[in-house]
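Everything below concerns the one structure shown next.
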Amino acid sequence: LSGGGAGVPLVARVRPAQIPLSLAQQRMWFLNRLDPESAVNNIPVAIRLSGSLDVDALQAAVSDVVARHESLRTVYPEIDGVGFQKVLGADDAVVEVRVEDVSADDAPGRVVEAVTTGFDVTLQVPVRVRLLRVAPQEHVLVVVVHHISGDGFSMGPLTRDVVTAYAARAAGAAPGWSALEVQYADY
């Protein structure tokens, strides 16, 4: 069918015990099963940060964003060779902002290492965060999301949410956003 016909509205609904993979996720899941060490489906973001940085506020902000976006706390196990989405609770899907002290010369190699390391999506949440401290007020923030849980378009809203949550946490508050009406698993 082509044209401007009305589609089915996306709304939250009762989910089955085993949430099936979307068609796009099926492809990425299959490829990940063939080679979980491959980084071909990694979506990296590396940002140089200059100035004072509150690492505790950044960790809290990342936790806020992971709690808000189910796709960042979903693993993709299998039963009888069929993958499915298993959304973890926010307390079970801790994404650590791992701080690493590095020299300016070593920073590019550490970025490459972070973005080229694969994920086993059956066992681990598909997001990784590294904070490379080059100097007391110079950092490189590296965020890697596996394509099974995000895409190029979603990196903008995720970045915006991290910035919003960081600003709130640095000011001593929780982010004041409302819950998302739908999540990827509702699709």
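Bear in mind these aren't lab numbers, they're just calculated from the coordinates by the rules spelled out. Computed from a predicted structure; not experimentally measured. Quick reminder, even Gly has a Cβ in these numbers, built from the backbone with ideal geometry, and neighbours come from all protein chains shown.
Counting alpha carbon pairs within less than 8 Å and at least 6 residues apart, what relative contact order, in whole percent, applies to segment 69-174?
Computed value for segment 69-174: 25 percent relative contact order.
With a ≥ b ≥ c the root eigenvalues of the C-alpha gyration tensor of segment 4-89, is it rounded (a/c under 1.5), prolate (a/b larger than b/c) or oblate?
Prolate shape, in that a/c is at least 1.5 and a/b is the bigger ratio.
What do you get for the angle between helix 55-68 and the principal long axis of the chain? Use alpha-carbon atoms, 0 to 90 degrees, nearest ten.
Helix 55-68 sits roughly 10 degrees off the main axis of the chain.
If one takes the longest principal axis of the Cα atoms in the chain, at what angle in degrees, from 0 to 90 and to the nearest 10, does the Cα axis of helix 107-116 lie?
In the chain, helix 107-116 runs at an angle near 10 degrees to the longest axis.
Going by alpha carbons, how many degrees (0 to 90, nearest 10) lie between the helix axis of 152-170 and the longest principal axis of the chain?
50 degrees
Where does the chain land at 222 nm, in deg cm²/dmol rounded to the nearest 500, when only DSSP H runs of n ≥ 4 count, each adding -39500 (n - 2.57), divided by all residues?
It lands at -9500 deg cm²/dmol.
Please give the contour-minus-distance gain from Thr122 to Glu96: 0.36 nm per residue of separation, less the Cα-Cα distance, rounded to one decimal in nm.
The Thr122-Glu96 span can extend by a further 7.5 nm.
Using DSSP to call loops (not H, G, I, E or B), can you name the GluC sites (Glu not before Pro) in segment 10-101 whose Cβ has at most 10 other Cβ atoms within 10 angstrom?
Loop-located and lightly packed - Glu37.
Quick check: from the Cα gyration tensor, does segment 108-160 come out rounded (a/c under 1.5), prolate or oblate?
Oblate shape, in that a/c is at least 1.5 and b/c is the bigger or equal ratio.
In terms of the Cα gyration tensor, with a ≥ b ≥ c the square roots of its eigenvalues, is segment 46-187 rounded because a/c is under 1.5, prolate because a/b exceeds b/c, or oblate?
Oblate is the answer for segment 46-187, as a/c is 1.5 or above yet b/c matches or exceeds a/b.
Taking R0 as 35 Å, what's the FRET efficiency between Arg13 and Val112 from their Cβ-Cβ distance, rounded to 0.05?
E(calc), rounded to 0.05, equals 0.25.
Find how much the distance from Leu180 to Ala167 grows on full extension, using 0.36 nm per residue of separation minus their present alpha carbon separation; answer in nm with one decimal.
2.7 nm
Rounded to the nearest 0.05, what FRET efficiency is calculated for Asp54 and Tyr187 with R0 set to 41 Å and r the Cβ-Cβ distance?
Approximately 0.70, to the nearest 0.05.
Counting alpha carbon pairs within less than 8 Å and at least 6 residues apart, what relative contact order, in whole percent, applies to the chain?
Normalised by residue count, the contact order of the chain is 33 percent.
If contacts are Cα pairs under 8 angstrom and at least 6 residues apart, what is the relative contact order of segment 1-107 in percent?
27 percent
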